[in-house]
Every structure is written in C-alpha cells, then in structure tokens.
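Every read-out reported here was derived from the displayed coordinates using simple, explicitly stated rules and does not represent laboratory data. All values reported here derive from a predicted model rather than from experimental measurement. Here the Cβ positions follow ideal geometry from the backbone for every residue, glycine too, while neighbour counts run over all protein chains shown.
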C-alpha cells in the first residue's frame, strides 16, 4: 500500500467514525497543501455516496502529520 492509499484509507476511516461518510462511500483526495514550514497540511477530500458520480461534500481537513491528528476547528466543508 502506498502512502497516498494509506492516507486515503485513514481519512476514510475517520470520516466514517464521525458519521460524515458511510463505510460504502468513496472518497478522493484532490489536493494536499503543506502550511508554511510546519507539521500541518490542508488536505481536500471529495466524498461520494454509493452509485453516484458527483461528490456531495468536499472537506478541507487540517491535519498534523507528526501527531497524527485532525483539527476539526480549523477544518471546513462545502457542497460543490
């Protein structure tokens, strides 16, 4: 498993635990942006329900990769 696939799997697991996406939903990482020279990054994720071609939500997650946490206060979402 590549690092990209591992990151995608971990994000999918967290989103399903929070009730944002179901286990049978698909996610797609569309952008990763490191914030300055820090341990933080903003990762944009599209969320697709089963049997749909268009995403219903896009989450921009603030992730600290050193501590392996998502800051939900700095994360936001929108509908495309």
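Listing for the model above:
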quantity	calculated
Overall dimensions of the chain by Cα: Rg and Dmax, Å	12.3, 40
Linear extension gain, residue 48 paired with residue 20, 0.36 nm per residue minus alpha-carbon span	9.0 nm
Estimated FRET transfer efficiency when R0 is 22 angstrom, pair residue 34-residue 75 (beta carbons, to 0.05)	0.90
With Cα atoms, 0 to 90° folded angle of helix 3-18 axis to the chain main axis	70 degrees
Pairwise centroid distance, computed over Cα atoms, of region 56-74 with region 13-44, Å	6 Å
Segment residue 2-residue 60, length gained on full extension (0.36 nm per residue, minus Cα span)	18.7 nm
